[in-house]
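The values are calculated or read from the model by the stated rules, or taken from the named source; none is laboratory data. Note that this is a predicted model, so its numbers are computed, not measured. Don't worry about glycine lacking a Cβ; one is built from the backbone with ideal geometry, like all the others, and counts go over all protein chains shown.
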Amino acid sequence: MLNQLRPALVLLIALTAITGLAYPLAMTGIAGVIFPAKAGGSLIERDGRVVGSSLIGQSFTSERYFQGRPSATSAADPTDATKTVPAPYNAANSSGSNLGPTSAALAERVKADVAARQAENPGRPVPVDLVTTSGSGLDPDVSPDAALFQVPRVAKARNLSENRVRSLVEAQVQGRLLGILGEPRVNMLALNLALDGLSPK
Amino acid sequence: MTINGWIQIALFCAVVLALARPLGGYMTRVFTGERTFLSPVLAPVERGLYRVAGINSAQEQHWLAYALSMLAFHVLGFLALYALLRVQAVLPFNPDGQSAVAPDLAFNTSTSFVTNTNWQSYGGETTMSYLTQMLGLTHQNFLSAATGIALAVALVRGFSRASAKTVGSFWVDLTRTTLYVLLPLCMVLTLFYVWQGIPQTLGGAVEATTLEGAKQTIAVGPVASQVAIKMLGTNGGGFFNVNAAHPFENPTALSNFVQILSIFAIGAAMTNVFGRMVGDERQGWAILSAMGVLFLAGTAVVYWAESAGSPVLNSFGLTGGNMEGKEVRFGIVASALFAAVTTAASCGAVNAMHDSFTALGGMIPMINMQLGEIIVGGVGAGLYGILVFVIVTIFVAGLMVGRTPEYLGKKIEGREVKMAMLAILCLPLMMLGFTALATVVAAGLAGPANAGPHGFSEILYAFTSAAANNGSAFGGLTANTAFYNTTLGIGMLFGRFFVIVPALAIAGSLAAKKTVPASAGTFPTHGGLFVGLLVGVILIVGGLTFFPALALGPIVEHLAGGLGQTYPVGG
């Protein structure tokens, strides 16, 4: 066993230095030079302040904004550190709901959300992604259907014509890559920034 | 299910197949010590390492020495990682002030990364410092993957050599795999991933003020370099809690496609390496075909189940499949495909929450793991895993016609079959044994987040994943407890080493045998009949053991869900 120790020790240290330090640090350096914005987290600034990341969803609750999907992320309870409280779109603690298909809690939550959405836009089927939590709790996107579903509410809250808001949404739809990979989607932060940029009419 | 969905699946399979031969050719050159186009840069580094380590690269090892080297390396790696986890709080590269990791979690995590499982009882962004992520976890991602590949190569040498005493040098295989295969590919992949939007920074979490004026703390870090190896090395341990579902770990449909490709790339190419080293590439293609049959069948079921959705939720008027726990940019098909790939290989990364899959959609990943992850499988581990099944298949075929079975000119005798069965039986013992234990002790029953049959599935999935060295989870299970950290850790150790050591014993025993020329009575092992027989043996010997357990979990849940039954926690 002893004659195994020298190669084991030397290779462990040397390969650790190569793969655990040299590799990530070199990659950090190179990526920072070639893709500085992306390496830093694709942050978006408005008026000199960071308003979020284009890849990370954020919580929108106002009638005036398009709202993303429900989020199952949580944070430590400020009054009792051993417990957690719901904190949607907590980008420091990603999490899904992990509720299974026969969970009563899931069924109740979805039922209530479907009813609320139906009240907002009666007669239109509720898009499934609008009442289900994402895997990360930080999904930046909704489906085009889910964005279009909210057009009447947002238009009313902002006193804009539905057509104008609808064409704004349609302009923000990202299709599948090469028409094949992924799913069509609308980035909520980009859409809402564009919405804030619309002049009142 | 849509036409576009099937096109995405077909495209994936086509690219995996297209990559297998060129990558297999390159890797064969690496393992046989030939020069490659990277040799001018890497050969001096390699020679330097051998000199300092006192390794004679021309000196090969008996299988026992090979196994001892591998174990010594793992023991040291385990101790180093454990120590790092315990003291990370006082070390540099810790901008978010992560504290020391508790002993049971440090044991579980060290075991997990050293065994290529990468089960995570913790959330990365809330637990691990950047130094730990890089020096501890990224580095073990490389070395556990390189170890798996090295062992597979040793076993292949067993088949390809005649009357030989040695199966190669562990130190050389480890070093060459790391330097020539994993590192260069990861450097390219890292830059690709950053281009797609994965962060690579040493800066701490970013504070943003959202459009509605709330504070949002956005965790970042040296993510891309870890994602590259976690996929390529089928490790699967995420930088963030939700792994590849996190937009920073998998931002686009393209990053997703490349990630699942890189999970399968080396594993599929290893079948070609096998074919080349035994002198008949058709033998490799036959094995890959058997893997392909099982893979497509499983993928189709997951895709169908997730597209159909949950009857309970559909009763509220929802259409469009099961989107709970899935990301919009991936949708149903890319999530279903990812789940099938990550559990067929021993990756364990997830881009959607398996816990929220439909009952049958979540059952296939479990079956993929319970079969021993031989469908392409972990890098190296998949090949030695399926070769163990090949030995049993050949044995069964030999019994049918009443002659001593042989494979690639090697007589398969009692010793090989015993070792193969030892490796195969270890998995159900760990998976089912610990699941049974956890369902009767209070500490085990405290774990599941879901009630009813789904709670049982959460436990079964955890021990399945641990023993199979996968690392994916039904994430609702509260696994960061002394009971689960310890039992899962033991499951991982046995699941790794009680497959590796018998596989090496087979390698040694085969290498020592003479090669007998093929005759009219030799069962051809490159045709459809062999592929069919292999698939049958895998399903019957490997799979049937688990049917009763699956009946209690996902199958009952599927039937109950179809009747609209739900289970309240505590009800």
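Considering the range B:508-571, the qualifying helices (runs of 4 or more DSSP H), each wholly inside and each with 3 or more residues that are in contact (Cβ under 8 Å) with a residue 40 or more places away in the chain, of a type in the set (Gly, Ala, Ser) and farther than 25 Å from B:TRP285 by Cα, run over B:556-562. Select from the range A:100-127 the residues that are of a type in the set (A, V, I, L, M) and without any contact (Cβ under 8 Å) to a residue 12 or more places away in the chain and write down the one among them that is surrounded by the most Cβ atoms within 10 Å (Cβ to Cβ). Here the residue is A:LEU106. When A:LEU25 is tested against (1) facing chain B (nearest Cβ under 7 Å); (2) surrounded by fewer than 22 Cβ atoms within 10 Å (Cβ to Cβ), exactly one condition is not met: (1).
Scanning the range A:133-140 finds one or more residues that are in contact (Cβ under 8 Å) with a residue 60 or more places away in the chain and among the charged types (D, E, K, R). Quick check on the range B:225-236. Is at least one of its residues free of Cβ contacts under 8 Å to residues at least 40 places away in the same chain, closer than 30 Å to A:SER71 by Cβ and either within 12 Å of chain A (Cβ to nearest Cβ) or of a type in the set (Phe, Trp, Tyr) (or both)? Looking for residues that are free of Cβ contacts under 8 Å to residues at least 40 places away in the same chain, closer than 30 Å to A:SER71 by Cβ and either within 12 Å of chain A (Cβ to nearest Cβ) or of a type in the set (Phe, Trp, Tyr) (or both), one finds at least one in the range B:225-236, hence yes.
Looking across the range B:46-81, the residues that are at the interface with another protein chain (Cβ under 9 Å from one of its Cβ atoms) and of a type in the set (A, V, I, L, M, F, W, C) come down to B:LEU49, B:VAL52, B:ALA53, B:ILE55, B:ALA65, B:LEU68, B:LEU71, B:ALA72, B:PHE73, B:VAL75, B:LEU76, B:ALA80. Against the test of being at positive phi and small (Gly, Ala, Ser), the options B:GLY564, B:GLY489 yield a single qualifying residue, B:GLY564. Restricting the first member to the range A:45-62 and to residues that are assigned by TED's automatic domain parsing to the domain that holds A:ARG185 and free of Cβ contacts under 8 Å to residues at least 24 places away in the same chain, and the second to residues that are of a type outside the set (A, V, I, L, M, F, W, C) and not in a loop (DSSP other than H, G, I, E, B), the beta-carbon pairs closer than 8 Å and six or more apart or on different chains are A:ARG49/B:THR209; A:VAL50/B:GLU207; A:VAL50/B:THR209.
For the range B:388-411, the set of residues classified as surrounded by 24 or more Cβ atoms within 10 Å (Cβ to Cβ) and either part of a loop (DSSP other than H, G, I, E, B) or without any contact (Cβ under 8 Å) to a residue 40 or more places away in the chain (or both) is empty. Among the residues making up the range B:319-344, a single one is touching a Lys or Arg at 6+ places or on another chain (Cβ under 6 Å) and more than 7 Å from chain A (Cβ to nearest Cβ): B:SER335.
Taking the range B:289-380 as the region of interest, the helices (runs of 4 or more DSSP H) fully inside it that hold 2 or more residues being crowded, with 24+ Cβ neighbours inside 10 Å and touching a residue at least 40 places away in the same chain (Cβ under 8 Å) are B:331-344, B:359-370. Among the residues that make up the range B:21-33, is at least one of them under 25 Å from the mean Cα position of the chain (by Cα), surrounded by fewer than 18 Cβ atoms within 10 Å (Cβ to Cβ) and among the aliphatic types (A, V, I, L, M)? Scanning the range B:21-33 turns up no residue that is under 25 Å from the mean Cα position of the chain (by Cα), surrounded by fewer than 18 Cβ atoms within 10 Å (Cβ to Cβ) and among the aliphatic types (A, V, I, L, M).
Checking each residue in the range B:478-497 for being surrounded by fewer than 24 Cβ atoms within 10 Å (Cβ to Cβ) and over 13 Å from B:PHE107 (Cα atoms) picks out B:THR478, B:PHE494, B:PHE497. With respect to B:GLU416, determine if the residue is away from chain A (no Cβ under 11 Å), of a type in the set (D, E, K, R) and surrounded by fewer than 24 Cβ atoms within 10 Å (Cβ to Cβ). Considered against the rule, which asks whether it is away from chain A (no Cβ under 11 Å), of a type in the set (D, E, K, R) and surrounded by fewer than 24 Cβ atoms within 10 Å (Cβ to Cβ), B:GLU416 comes out as no.
One residue stands out among those in the range B:274-285 that are in a helix (DSSP H, G or I) and in contact with a Leu (Cβ under 8 Å, 6 or more places away or on another chain): the one that is surrounded by the most Cβ atoms within 10 Å (Cβ to Cβ), which is B:PHE274.
When A:ASP145, A:ASP141 are checked against the criterion of being among the charged types (D, E, K, R), within 7 Å of another protein chain (Cβ to nearest Cβ) and under 22 Å from A:LEU55 (Cβ atoms), A:ASP141 stands alone in meeting it.
Just a yes or no: is a residue in the range B:309-318 touching an Asp or Glu at 6+ places or on another chain (Cβ under 6 Å), among the β-branched types (Val, Ile, Thr) and within 11 Å of chain A (Cβ to nearest Cβ)?
No, there is no match, as no residue in the range B:309-318 is touching an Asp or Glu at 6+ places or on another chain (Cβ under 6 Å), among the β-branched types (Val, Ile, Thr) and within 11 Å of chain A (Cβ to nearest Cβ).
Flag set for B:ASN469, criterion: part of a loop (DSSP other than H, G, I, E, B) and within 15 Å of B:MET366 (Cα to Cα).
Among the residues of the range B:249-264, not a single one is over 19 Å from the mean Cα position of the chain (by Cα), hydrophobic (A, V, I, L, M, F, W, C) and part of a loop (DSSP other than H, G, I, E, B).
Against the criterion of being surrounded by 15 or more Cβ atoms within 10 Å (Cβ to Cβ) and modelled with pLDDT of 90 or more, B:VAL541 does not qualify. Among strands (runs of 3 or more DSSP E) entirely within the range A:32-107, having at least 1 residues that are of a type in the set (Val, Ile, Thr) and either closer than 19 Å to A:GLY135 by Cβ or at the interface with chain B (Cβ under 7 Å from one of its Cβ atoms) (or both) singles out A:49-53, A:80-86.
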